[in-house]
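The block underneath contains the structure these notes are about, expressed in structure tokens.
The values are calculated or read from the model by the stated rules, or taken from the named source; none is laboratory data. Predicted, not measured: the structure shown is a model, and the values here were computed from it. Neighbour counts run over all protein chains shown; Cβ positions are idealised from the backbone, glycine included.
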Amino acid sequence: MIHIRVVKAGEIAVAAALLVLLAVIGVLIAQALGGGQALETSAPAGETPPGWQGSGSAWTGAVEEAQSVFSAGVLGEGALFTAGNLRAGGEALPLRAEGEGFAAPPRVLVYHTHTCESYEREPGQDYLESEPWRTEDQRYSVARVGEELCLALRTLGVEAVHDTTNHEPPALNTAYARSLETLAAYEAAGERFDLLVDLHRDAWVEGEGANTVETAAGPAARVLFLIGQGEGFSVKPDTEANARFALLSADRLNAGQPGICRGVLEKSGRYNQHMGGTAVLVEVGNNRNTLSEALRAVPWLAQALADSLLAEPEPGPILPVSAGG
């Protein structure tokens, strides 16, 4: 199987600096015009953690550029990708081979059905848990991983939108119904995406192999793709197309960083993967991983997704879906 060659390049820091500067200027202008008021959101009422300004759905009817609730000055802690250090957990972001690029930027929506999933605490991480390994503080939840993923995708030429709506309240077992409402609202607003990524944190299970993979920057959490069949639903996902994309991405992940992807798991549920174009559920690490380990996986995941979006669809049957280990 042919793989896209990946190389590490520090030159992207300059371009990232310009992007960050433009984003900061835009936020300052918006705050000046809006008088510092919280943005309106078309997300269902009650889906945003209390006390958060500018969080929740990243659009206001006509969808605008995703707003980062992690930018410096909003939460007092800047995003991990900064002008001077375009790195995830210290790992330089790999790039596609020179000359490979998009004719038109693909659009990716990253969202979280289980928005409050968090990781093993690290020293100095003082935040309120709603229950073990869950928090509404999105600096330390899977939403932080989603933000960094979107920033990494943008450096690779992908138009990435991050929706941070909290879909868990009032009950975790109905979160998929609320994330479906979010996706339906985007669709009703005329927004179209080439890829939907429901980003999660997995639960640790003994006997599933190594919990991390060693990278130049240190241990990184492993990644798993989950594809739904839609059993019991009248409207089903395009399981074959979704699985094809997941398998291609998993293969590229392991080509870039051997062992970082656990594989692709197909299950009977639907996971809202009948919405929009290609849709995948991605588990980045588990509750026995730290946030730093999860963030170290971000560059490799971004690279794999971007390269898979760039690839021409291959005709014929897909490969067997594997559970990984």
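Some observations on this one:
- Cβ-Cβ under 6 Å pairs, at least 6 apart or on other chains, segment 294-309 side more than 13 Å from G218 (Cβ to Cβ), far side β-branched (V, I, T) and buried (at least 24 other Cβ atoms within 10 Å of the Cβ): L301/V223
- Residue in segment 130-153 that is among the polar types (S, T, N, Q) and within 17 Å of Q273 (Cβ to Cβ) present: no
- Residue under evaluation F193, criteria (1) touching a His at 6+ places or on another chain (Cβ under 9 Å); (2) more than 19 Å from V142 (Cα to Cα); (3) of a type in the set (F, W, Y), criterion not met: (1)
- Considering the conditions (1) touching a His at 6+ places or on another chain (Cβ under 8 Å); (2) modelled with pLDDT under 95; (3) not basic (K, R), L199 is excluded by exactly one of them, (2).
- For the condition without any contact (Cβ under 8 Å) to a residue 60 or more places away in the chain, under 17 Å from the mean Cα position of the chain (by Cα) and either surrounded by fewer than 20 Cβ atoms within 10 Å (Cβ to Cβ) or within 22 Å of L301 (Cα to Cα) (or both), L196 does not qualify.
- Here segment 152-193 is the region considered, the condition is being closer than 14 Å to P106 by Cβ and touching a strand residue (DSSP E or B) at 6+ places or on another chain (Cβ under 6 Å), and the residue that is surrounded by the fewest Cβ atoms within 10 Å (Cβ to Cβ) is E159.
- Scanning segment 104-138 for residues that are at pLDDT below 95 and among the basic types (K, R) gives R121, R134.
- Looking across segment 245-292 at every residue that is assigned to a loop (DSSP other than H, G, I, E, B) and of a type in the set (S, T, N, Q), the one that is farthest from D198 (Cα to Cα) is identified as Q257.
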